[in-house]
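What follows is a set of notes on a single structure, which appears directly below.
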Amino acid sequence: MTRGNPTGMRRWAIDFATGLRLASAGGAGGLVRTTLTAVAVGLAVGLLLVAASLPHIFVEREARAQAVDVPFPTEGLEAGPHTVLVQQRDTRFGEITIIGHLVKAEGDTPAVPAGLERLPGPGELMVSPALAELLETSEGSLLAPRLDGEPDGLISQDGLVGPGDYRYYLGSDALDLENSHRVAQFGVEEPGEPFPMMLVLLALISFTVLLLPVAMFMGVAARFGGDSRDRRLAALRLLGTDRAMTRRVAAGEALLGAFAGLVAGTVFFLIGRRFVEGIVLWDVSVFVSDVVPDPVLTLLIVVAVPVITVGVSWLAMRRLIIEPLGVFRQAAVGRRRLWWRLLLPVAGLASLVLFARDGAFTGGNLEQVGVAAGVMLVLIGAATLLPWVLDAVVHRIEGGPVPWQLAIRRLQLGGDAAARAVSGIAVAAAGAVALQMLFFGVQGQYVTDTGVTDGHSEAVLQSYTADVDPDAVVRAVDEIDGAETSHRFWSLVAYWDIEGEEWPTAFPAMVGECADLAALADVTGCADGDAFFTDPGGYPAPPESTTLTWGDPALSEGLEWTVPADLRQVEARYDPINGQFGGLLLTPGAVEPEALATGYAQLQVLVSDDRPLAIEHIRNLVEPTGSWQPVTVIGNEVSEPKFDGIRRGLLIGVTGVMTLVGFSLLIGMLEQLQERRRLLSVLSAFGTRRRVLGWSVLWQVALPVAFGLVLSLATGTVVGGALLTMVDLPFAVDWWNLAMVAGIGAGVVLLVTVISLPVLWRLMRADGIRTE
Amino acid sequence: MAIGQTFLGLLEAKPRHGYDLKRAYDERFGADRPLHYGQVYATLSRLLKNGLVEVDGVEPGEGPERKRYAITEAGITDVAGWLATPEKPEPYLQNTLYAKVVLALLTGRSAAEVLDTQRAEHLRFMRDLTHRKTHGDLADQLICDFALFHLEADLRWLELTAARLDQLRAEVTP
Amino acid sequence: MTTPLLTATALHKRYGETDALAGADLTVTAGEVLAIMGPSGSGKSTLLHCIAGIVTPDSGRIEYDGVDMTAMSDSRRSALRRTEFGFVFQFGQLVPELTCLENVALPLRMNGVARKAAEQRAADWLAKLEVSDVARKRPGQVSGGQGQRVAVARALVAEPRLLFADEPTGALDSLNGEAVMRHLTSAAAELGTAVVLVTHEARVAAYSHREIVVRDGRTRTVVAAAS
Ligand SMILES: Nc1ncnc2c1ncn2[C@@H]1O[C@H](COP(=O)(O)OP(=O)(O)OP(=O)(O)O)[C@@H](O)[C@H]1O
Ligand SMILES: [Mg+2]
């Protein structure tokens, strides 16, 4: 080792340390820059930590979901000291599903549900904290009659899937094997329903879509204030630093940002984590204690973030020549090359085509990887293509009004930074569009017009047995403001025992007045005593004079019914509740009253959407009796709730990502304005209208974003089309969502501009002429 | 270098003996070229003859060095006129200008005014030269530029001195 | 013709503790070149900014063409600067992304002249200032002297009645500085544009017809004892 000229590791250490010192000693500007980098990297790290926590969240939730599940009835389970009789008594309150169980101990040491210390005794009510809170509210008091009184205690975290769980256990002594079933313990072993493959695919792509822009944002953040950094490095070159040393010093500077970012990210994560319990998305909520990052993934983040940051800062220096007398940008190396930028999306599309080819995504491992990789490649491709497109387009634009010209020229010279920032938008928006298309397509299968009168919902009241008084219920229901019984039926089943066949043929039957039957089928000319048959599936009616038995012949005494000669075949009508009913439609005069005892009552109640609480009154009317099933409500349309949530989540995610991108655009813009304060003052001295410069700022932000959006909407539509083909759905563009994504983009542009304007106005004051 | 006006200025501050006058002059303005006695008495007698100074008193003893001189009204007017008139801008004016500034300070007049008047004159001259230069041929240009650069140097000196007047006042006035 | 184009009386301007202007008076006559001189920090630039309507003085009166400028709204003053005034500063005044030609055309375009016509006139001005060869280059690619000439062209292209120049040659060597001044004054004379020139260089001030000196925020008008 020569004196005063350290080599090897020591040289590296010294250079790194120099970089760290430079970054931290850059005065107020350096501090701001490091802070910005830290915040940006921190946001990314925070998001990554959330992502890294997902496995633990899922595992914990799944474990508790199993613990609170009540086992199915077991054949031959005898009463014992541990056994408990359980009756599920779920209800809904508005959009909230409340899971409830009535319990009764059969022995001295009954099994205890998770989250409770002992089984509630008769009349004792244990509720989840969320439910307790709901009961406290004035609306929530409408729920009280169904739960039979005030809560006597709370269910602890062990007995809840999430903090937003609505759940109760009510002790009851009115349970017997007729109305409940016997369990020996609470909780089940087998995992719950696995996520459908389809959803796995969606989740996979969602993550790609959200994480890619975050990574890009980190890249952008690592370059904040790059210009002043380069000038400092030039000053170092004057002191005798060579190129390699300069790179190491730059790495040292980048590392400071990265480490500060890691710390900031941890802080963001820890702070954000505390608010997680307040967030309920599609009935799913998460306990703070579940949000624990996976150790392996965390290690990966801690290692990857500094590596990426340093890598990006080196990448940014690639075209810089830092000389002692200043920084030079290498003369433009011709046009940006197109071919390698096209390589990525083409490869991605090829991969997608490969798996979409036969329209059968079965969810195999290879396919998952293939699809995810394909989507990823196309999305990254969109991001790499964007700078080229922006470059190509901007260089072809000529003329236009002054603000436009200023913006275009600015983009021609320094469009890189904008394009980089907007690449994030390209990925996020393209991914979002693709996914939205997929959801839209898939949802097309689920969302159906229910046929319920507009402006109303239909509540269905079904009794467990015939042992109820529907007339009294109808009278009571009709007294509720906003509710009106539309139809009432008795629902029965008639069996036809055919010689030589092992099982009898079952005919469902609806008994009701002519007007009610008309809701199910075209029964024109109906009079009491008439009998009809309908079957949309084309099943033939039982022949004349056949004798059918009401109720299961194995159980009932055999109340019989003979198919009359005038049984009329009629066309079924679509009914929101019974769908296309197939079976017997009978007027009361056509059945003996005793037969009704084998069925149950069905009331259909139209509830005006202006009186949503009417439904709660109906529930209070029937549910506490125990003779009526939980009331179901059908709105104007039915949608698959899981997708609703994911769609919403995706929009929120996209908005978040766009906000990040907006943030980097904003910082870029503010940096640029600060750098040009002198010029701005001079222009203002010239009498330049604020409007002119304001518009140029708007254009300068809007153009890259617009290109990013156009490109990504196109890419997204292509990817979405591929995904749809893969799951055998017809190609359909969801214009509403395209507009939504574009709208969010426009919002980001506006926001960035609006925040930049006051700074612009301030810098346009004449003081700036004095600087330097 | 106007020795006569310089003497007048010195005498305006306070009456002095001949040798006293020489010492004051040498100290302030004659660092490299002290006055001869002959020069001193010749100048004084010319001033006496023109009525710009008078003999204020004679001390017992011998020789002309026993006479004390004081300035007359006419002398004060002469100094004022001299200070107010800018020198014709030409090279190597420093001595005269410096003397004017110091005397203005000594006699309680505005030294800044002296400098401003001078710079205005310099600039007027430079303007003429610039005008000639822009309308002349290359030879004119070169000659004018020579003069302009020298005048500019003088002007810089005037600026500098103006900026240091307070410092100078503290040094020259006891 | 000695009608005053702009008259400023008793201008005062404070920045925090500093009196940047403490009673400054000045008159600009149509078509004349007036030099403002004085030591650094004496308030020259502040004075220029005040009379150009960039900065509002705390007190005092500025009359341009018989109208009190201090009473004008910001937009009126901006419009005045756009249409009647021109500006040249020491450096950093050209928009770096625009070519020199586009920079010169900028004031015309902001006054609503169509692009083609504006660029034609800009080209004429570049030719007049002998910098036609830099028309297609960007400011970053031309020398300081060329850049200043482009700036002069830009200041004069809209044919202002009054040109304000703050140290226009401050960043140039003497040869380039002289060239810029020669072009500036002759072009201004041709248009009849009055020039207010802030400088501390005597050789630059020598291009003026008249000078005023600013000291400690006060103007001193010195009449040379013209012989
Ligand atoms: N925006 C400002 N904020 C604070 N102080 C100011 C501002 N503008 C000017 N000053 C102060 O006012 C005084 C006059 O400044 P001005 O720029 O007018 O001087 P100048 O004569 O142009 O100097 P120079 O020759 O160095 O340009 C200075 O002391 C300066 O610090
Ligand atoms: Mg100044």
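Students often get this wrong, so check it: of B:22/B:49; B:88/C:128; B:49/B:100; B:14/B:49; B:22/B:100, which have C-alpha atoms separated by over 28 Å?
B:88/C:128
Please give the residues from the range C:49-81 for which the solvent-accessible area of heavy atoms, probe 1.4 Å, is smaller by at least 30 Å² with all protein chains in place than with the chain isolated.
Listed in order, they are C:49, C:54, C:81.
Determine the gain in length on full extension of the stretch residue A:88-residue A:398; use 0.36 nm per residue of separation and subtract their C-alpha separation, reporting nm with one decimal.
Value of the extension gain: 104.4 nm.
Give me the log10 of I(q) over I(0) for the range B:3-84 at q = 0.16, 0.20, 0.21, 0.25 Å⁻¹, as the Debye formula computes it from C-alpha points; what are the numbers?
Treating every Cα as an identical point scatterer, log10 I(q)/I(0) equals -0.55, -0.86, -0.94, -1.29.
Per residue of C:194-205, what is the mean number of Cβ atoms on other protein chains within 10 angstrom of that residue's Cβ?
3
So, in nm, how far is label residue B:149 from label residue B:55 when the simple model puts each one 7 Å beyond its Cα toward the Cβ?
5.4
Mind listing the long-range amide H neighbours of residue A:530? Cut-off is under 5 Å, sequence gap 5 or more, other chains count too, H placed in the peptide plane at 1.01 Å from N.
Distant-sequence amide H within range of residue A:530: A:587.
Counting each DSSP H run of 4 or more residues in chain C as -39500 (n - 2.57), what helix-only mean residue ellipticity at 222 nm follows after dividing by all residues, to the nearest 500 deg cm²/dmol?
Theoretical 222 nm ellipticity from helices: -10500 deg cm²/dmol.
Can you give the average number of partner chain beta-carbon atoms within 10 Å of each beta-carbon in peptide B:156-169, as a whole number?
Shielding by partners across B:156-169 averages 1.
Could you please report the charge total around residue C:200, scoring K, R as +1 and D, E as -1 over all other residues with beta-carbon less than 14 angstrom from its beta-carbon?
Taking every Cβ under 14 Å from that of residue C:200, the sum is -1.
Determine the shielding of peptide C:208-219 by partner chains: average, over its residues, the number of Cβ atoms on other chains within 10 angstrom of each Cβ.
What the average comes to for C:208-219 is 2.
Residues of the range A:171-186 with amide nitrogen under 11 Å from the 7 Å Cα-to-Cβ point of residue A:148?
Residues A:171-176 fall inside that zone.
Between residue A:472 and residue C:73, what FRET efficiency comes out of the Förster formula 1/(1 + (r/R0)^6) with R0 = 56 Å and r the beta carbon distance, rounded to 0.05?
According to the calculation, E is roughly 0.10.
Heavy-atom accessible area per residue, the range A:456-635, 1.4 Å probe: how many Å²?
47
Antiparallel versus total DSSP beta bridges in the range A:71-183: what percent is that, nearest 5?
Here the share of antiparallel DSSP bridges comes out near 65 percent.
Obtain the nm distance between the two label points defined at residue A:690 and residue A:732 by a simple spin-label model: each point lies 7 Å from its Cα along the Cα-to-C-beta direction.
4.9
Quick check: residue separation of residue A:610 and residue A:9 times 0.36 nm, minus the Cα distance between them. What number comes out in nm?
My answer for the length gained is 208.8 nm.
Mind checking which lysines have their C-alpha under 27 Å from residue C:13, skipping anything on the same chain fewer than 8 residues away?
Within reach: C:44.
How about residue C:116: which aspartates and glutamates have a C-alpha closer than 17 Å to its C-alpha, ignoring those fewer than 8 places off in the same chain?
Correct list for residue C:116: A:398, C:102, C:124.
Around residue A:90, which amide H atoms from residues at least 5 apart in sequence, or from another chain, sit under 5 Å from its own amide H, with H modelled in the peptide plane?
It is A:100, by chain and number.
Ignoring ligands, DNA and RNA, please state the percent of accessible area on the range B:96-172 from carbon and sulfur, probe 1.4 Å.
Of all accessible area on the range B:96-172, carbon and sulfur atoms account for 56 percent.
By the scheme Lys and Arg +1, Asp and Glu -1, what is the net charge of all other residues having a beta-carbon under 11 Å from that of residue A:523?
Neighbour charge sum, excluding residue A:523 itself: -3.
I want to make sure I understand the PRE zone here: with the label point 7 angstrom from the Cα of residue C:216 toward its beta carbon, which residues in the range C:17-47 have backbone N atoms less than 20 Å away?
C:17-26, C:37-47
Order C:150-158, A:62-70, A:598-606 from most to least packed using the mean count of other Cβ atoms within 10 Å.
Per-residue Cβ counts within 10 Å, averaged per peptide and sorted highest first, yield C:150-158, A:598-606, A:62-70.
May I ask for the accessible area buried between chains B and C, both sides summed, probe 1.4 Å, to the nearest 100 Å²?
Roughly 1800 Å².
Which FRET efficiency, nearest 0.05, do residue A:300 and residue C:120 yield, Cβ-Cβ r, R0 60 Å?
Computed FRET efficiency for residue A:300 and residue C:120 comes out at 0.45.
Please check the range B:116-137 for residues whose accessible area, probe 1.4 Å, is lower by 10 Å² or more when all protein chains are in place than in their chain alone.
Output list: B:116, B:117, B:119, B:120, B:121, B:123, B:124, B:126, B:127, B:130, B:133, B:134.
Mind listing the long-range amide H neighbours of residue C:195? Cut-off is under 5 Å, sequence gap 5 or more, other chains count too, H placed in the peptide plane at 1.01 Å from N.
Under 5 Å from the amide H of residue C:195 lie the amide H atoms of C:32, C:33, C:34, C:163, each far enough along the sequence or on another chain.
Run the quick spin-label model on residue B:66 and residue C:29: label points 7 Å from Cα toward the beta carbon, then report their separation in nm to one decimal.
Here the answer is 6.3 nm between the modelled labels.
When the Karplus curve 6.51 cos²θ - 1.76 cosθ + 1.60 is applied with θ = phi - 60°, which whole-Hz ³J(HN,Hα) does each residue of the range A:338-348 get, with x for Gly and Pro?
8, 4, 6, 5, 7, 4, 4, x, 5, 4, x
Mind ranking C:43-49, A:501-507 by how tightly packed they are, going by the mean number of other C-beta atoms within 10 angstrom, highest first?
Result, highest mean Cβ count within 10 Å first: C:43-49, A:501-507.
The values are calculated or read from the model by the stated rules, or taken from the named source; none is laboratory data. In this text, all values refer to a predicted model and were calculated from it rather than measured experimentally. Don't worry about glycine lacking a Cβ; one is built from the backbone with ideal geometry, like all the others, and counts go over all protein chains shown. Each accessible area value is taken on the protein alone, full model and side chains, heavy atoms only, with ligands, DNA and RNA left out. Shrake-Rupley method; radii C 1.70, N 1.55, O 1.52, S 1.80 Å.
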